[in-house]
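Read-outs: derived from the displayed coordinates by stated rules, not from any lab. Quick caveat: nothing in here was measured; it's all calculated off a predicted structure. Cβ sites come from the backbone with ideal geometry, for glycine too, and all protein chains shown count toward neighbours.
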Amino acid sequence: MDIDKILEEQIRYYRARATEYDTWFLRQGRFDFGNEWNRQWFSDVEELRRQLKRFQPAGKVLEFAGGTGWWTEELARYADHVTTVDSSPEVLEINRQRNSTPHVRHLEAVSVRVDTGWPLRCSLLQLLALSRSAAKARLVLGSREGLPA
C-alpha cells in the first residue's frame, strides 16, 4: 500500500467535492435522507456544539482538516486565535469567506509538522471523546464506520 498514492487520491476527492460540503452538512438535495435521519443528524451536531461550549477551548487552537469552516466558526467563538489547516485550497477559500475575522488564520498543507511554540492542550479527538458516545461522534463526522459504537 503506497501511502503517498492514497493521500493524493484523498486530496483529489475532497478538492472535487469542495462545492458540495455545505450541502452535505446541511443535509440538502441528495444528502437529505429523510426527516428521521436529518433530525438525528442535527441533534447530534447540536450535542457536539453543546460539548464544545462546555469545553470552551480558549487561547490558541489548531484545527486540522478545517474544511468549509463549520467547526472553525464554532471554535472561533471561544478561542483567542484559530489556525485552521486543510489540503484543499477550494475548501479553505469557502472557510475564509465564512471566517474572515482577524483571529482566524487559514493554512494550506498536506502534511504538517507541528511546532507551535505553545503547548497543545487538546485535539479534536479529545473533544469528541467528551461527547456522549462514539456513535454520536461518528454521526456528526458523517461516517458510519471507523469509530466504536
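Quick rundown of the values:
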| read-out | value |
| --- | --- |
| Of the chymotrypsin sites (Phe, Trp or Tyr not before Pro) in the range 29-88, those whose Cβ has at most 13 other Cβ within 10 Å and which sit in DSSP loop | F33 |
| Shape category assigned to the range 1-90 from the gyration tensor of Cα positions, a/c cut at 1.5 | oblate |
| Order of E63, E47, E20 under a 10 Å beta carbon neighbour criterion, fewest first | E20, E47, E63 |
| Long-range HN-HN contacts of G66 with modeled amide H, under 5 Å | V85, D86 |
| Trypsin sites (Lys or Arg not before Pro) restricted to the range 6-77 and DSSP loop, no more than 15 other C-beta within 10 Å | R17, R77 |
